[in-house]
Amino acid sequence: MEHRTTLAKSDLHDVLREMLLIRRFEEKVEERFRAGELPGFLHVAIGQEASAVGVCRALEDGDVIASTHRAHGHTLAKGTHPNELMAELYGKQEGCSHGYGGSMHLFDVERGNMGANAVVGGGLPLVTGAALAFQMRGEPRVAVAFFGDGATNIGTFHEALNLAQLWTVPAVFVLEDNKWAESTPESQHSPIRDLSLRAKAFGMKGLKADGQDVEAVYKAARQALDHARSGKGPVFLHLDCVRFRGHYIGDPQVYRDKDEARRLAETRDPITRLREKLQLGDDEFADLDTEVTEIVEASVEFAKAGTDPAPEDALKNIYA
Amino acid sequence: MPELTYREAVRDALSTAMRQDEDVFIMGEDIAEMGGSMGVTAGMLDEFGKERVRNTPISEMALAGAAIGAAMQGMRPVAEIMYEDFLTLAAEQVVNQAAKLRYMSGGQLTVPVTFRTQGGAGWSPGAQHAQQLEAWFVHIPGLKVVFASTPEDVRGLLWSAIYDDNPVVFFEHRTLYPIKGDVPQEIEPIPIGRARVHREGEDVTVIATGRLLHESLKAAEQAEGDGISVEVVDPRTLQPLDEETLVSSVKKTNRAVVAHEAVTRMGFGAEVAAVLQYQAFDWLDAPIERVGAKFAPLPFAPVMEQFVVPHAEEVLAAIKRTVGKA
């Protein structure tokens with residue numbers, strides 16, 4: 001792929017398709033969970049598709065990501081097939097973690113996904129370490145961590161970013177700042193309103209972008225990745241994001257103003273934004289929608305037809 | 001056969017691995033210029049440079065986690081956690097991440113990281129610098145746990161830990177660093193999961209780890225004077241556990257004492273006792289004795305510290321109880 005600093009016009013249609021696929025995938029996950037088909041508990045990132053797609057599009061082959069409990073979008077954007085992801089959510093052997101992980105532990109090592117993490121901030125030191133390995137071996141690769149604003153208050157965040165900057169490892173720390181740590185608003189969990197300031201404490205290069213604008217995300221991610229890859233050290237990429245839904249599927253969101261949530265979903269939808277920019281007509285959009293919906297439906301069929309692990313498979317994969 | 005101290009044996013395993021393998025490196029607090037708070041890595045900075053002998057900030061979560069992340073990308077890092085007590089700070093990364101990454105990924109990942117740490121009483125550091133916390137980590141599926149007691153064992157086992165594709169928590173005992181012992185000319189890897197019979201005997205088996213191995217050997221000498229023949233076995237690796245060697249020894253002697261410096265209650269010895277009573281129930285002629293620290297944090301005043309942790313006398317008393325000579 002040629003090196004670009006911004007998304008080409010010709011790519012935008014594909015970008016829209018990818019974001020819409022993630023949206024429809026997660027809406028289907030909500031539906032199937034409510035129907036009682038999916039075990040565990042799940043977190044969707046509906047509204048945050050631009051962050052996943054914009055960042056992952058900017059990666060080079062060999063770059064790796066670590067994700068969070070809200071991982072479906074990152075996983076699809078990093079290249080895992082919807083069938084493998086859906087099969088994992090159904091707990092099937094065909095799943096991307098072979099039924100051992102589930103929604104909060106999605107892995108696809110071959111495609112550079114080091115794993116989603118159910119411990120807030122848990123993946124940040126791992127990304128510093130992966131980047132350290134790339135640096136020590138002289139490989140032109142970058143390790144990227146996704147995390148939310150809630151994670152900026154946990155010790156791993158401060159320790160891992162401090163160490164990354166100290167050793168100038170090729171890492172990019174992508175803060176998806178959706179202003180909520182589960183049910184706790186940013187005003188109750190952080191003494192500062194502008195979380196991009198956190199980077200200054202480590203002397204780390206900071207970049208900001210509108211996380212609802214996929215082109216802006218891509219551009220900033222490119223800059224961040226170039227900086228990290230060139231050996232200048234890690235970058236803190238602050239994305240201003242909106243979580244349209246609750247913390248988990250079924251969250252009644254008693255803590256949140258419903259009108260505000262609705263207004264944000266109406267005014268800051270990354271899919272609507274790109275669709276308007278592309279001036280896509282209703283028919284064209286409906287065609288695109290049909291196309292991705294079919295992929296999502298097929299993933300459910302694939303997952304349901306998948307193989308249940310044997311109970312005693314629980315005793316495999318504990319040790320290498 | 002060359003003679004090395006336990007400290008030199010650890011250093012020899014690290015240095016030899018680093019000489020032959022670019023993927024191996026060490027990281028930890030004060031390990032570079034200072035050579036580690038126990039002097040284990042002294043001189044290694046000069047030989048290997050600061051890229052491979054990495055001083056870290058006082059950040060146990062990040063240093064453990066960065067070692068795990070590097071291991072996920074194919075390196076073989078050895079992270080030094082200065083005191084076992086500080087493993088509690090790194091526990092999230094060790095327990096939730098290192099131990100489970102392979103499992104959660106359905107076998108896609110290997111995490112060949114080693115966490116070296118040390119602890120142990122006998123020098124009055126008080127409650128936060130000498131705990132024995134191995135029981136915390138043997139309880140976690142996905143971790144291997146080693147506790148070596150002699151120069152030969154610590155060298156051969158550390159080598160195996162570095163080259164194991166699983167996360168290994170590697171316990172050293174502070175008071176053992178100066179002890180000397182013969183080691184093979186070349187490093188001979190000691191398989192993880194194999195116990196060592198230090199002394200053969202007929203009447204009672206003492207299963208002991210770390211400093212208590214040495215205390216138990218002393219106790220065995222004294223017991224011999226009383227006409228009691230004691231077999232002393234060091235499991236060396238606590239997870240996986242060489243149940244076969246322990247059980248077959250007890251089937252021979254019909255009596256068992258389990259000894260460690262850690263707090264007795266809920267300790268590693270409780271698990272060993274459970275394994276023995278289940279697998280050797282019909283062979284046992286006496287209740288299994290457990291020797292360990294009293295249920296107290298480690299106190300500062302030497303007389304109190306001496307009282308809390310076990311020594312050869314407590315092992316000897318337990319031996320005598322098993323043969324009805326108490």
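The values are calculated or read from the model by the stated rules, or taken from the named source; none is laboratory data. Just so we're clear, the structure is a prediction, and the values are computed from it rather than from any experiment. Please note: Cβ atoms are built from the backbone with ideal geometry, for glycine as well, and neighbour counts cover all protein chains shown.
Here are the numbers:
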| quantity | calculated |
| --- | --- |
| Output for the stretch A:135-171, where each listed residue is facing chain B (nearest Cβ under 8 Å) and either of a type in the set (Gly, Ala, Ser) or surrounded by 24 or more Cβ atoms within 10 Å (Cβ to Cβ) (or both) | A:Ala143, A:Gly155, A:Thr156, A:Glu159, A:Ala160, A:Leu163 |
| Total residues in the stretch B:211-258, condition touching a Gly at 6+ places or on another chain (Cβ under 7 Å) and closer than 19 Å to B:Val275 by Cβ | 6 |
| Pick from the stretch A:225-239, criterion part of a loop (DSSP other than H, G, I, E, B) and of a type outside the set (Gly, Ala, Ser), ranking: farthest from A:Asp63 (Cα to Cα) | A:Lys232 |
| Residue check, B:Ala98 among the aliphatic types (A, V, I, L, M), touching a residue at least 60 places away in the same chain (Cβ under 8 Å), out of contact with any Ser or Thr (no Cβ under 6 Å at 6 or more places or on another chain) and more than 7 Å from chain A (Cβ to nearest Cβ) | yes |
| Residue in the stretch A:198-214 that is buried (at least 19 other Cβ atoms within 10 Å of the Cβ), over 19 Å from the mean Cα position of the chain (by Cα), outside any loop (DSSP other than H, G, I, E, B) and within 14 Å of another protein chain (Cβ to nearest Cβ) present | yes |
| Which listed residue is farther than 23 Å from A:Lys219 by Cα and either buried (at least 23 other Cβ atoms within 10 Å of the Cβ) or at pLDDT 95 or above (or both), from A:Ser97, A:Ser51 | A:Ser97 |
| Positions within the stretch A:272-320 being of a type in the set (Val, Ile, Thr), under 22 Å from A:Pro82 (Cβ atoms) and within 14 Å of another protein chain (Cβ to nearest Cβ), in sequence order | A:Thr307 |
| Out of A:Leu42, A:Leu38, A:Leu59, sole residue that is surrounded by fewer than 24 Cβ atoms within 10 Å (Cβ to Cβ), touching a Phe, Trp or Tyr at 6+ places or on another chain (Cβ under 6 Å) and touching a residue at least 24 places away in the same chain (Cβ under 8 Å) | A:Leu42 |
| Answer residue from the stretch B:21-37, given it is more than 12 Å from every other protein chain (Cβ to nearest Cβ) and in contact with a helix residue (DSSP H, G or I) (Cβ under 7 Å, 6 or more places away or on another chain) and is farthest from B:Val78 (Cα to Cα) among those | B:Glu33 |
| The lone exception for B:Ala220 - which of (1) farther than 21 Å from B:Val145 by Cβ; (2) of a type in the set (Gly, Ala, Ser); (3) not in a helix (DSSP H, G or I) it fails | (3) |
| Among (1) of a type in the set (A, V, I, L, M, F, W, C); (2) more than 17 Å from the chain's Cα centre (by Cα); (3) closer than 26 Å to B:Gly122 by Cα; (4) surrounded by fewer than 23 Cβ atoms within 10 Å (Cβ to Cβ) - the single one B:Ala318 does not satisfy | (4) |
| Check on B:Ala79, more than 9 Å from chain A (Cβ to nearest Cβ) and either under 21 Å from B:Gly28 (Cβ atoms) or surrounded by 24 or more Cβ atoms within 10 Å (Cβ to Cβ) (or both) | yes |
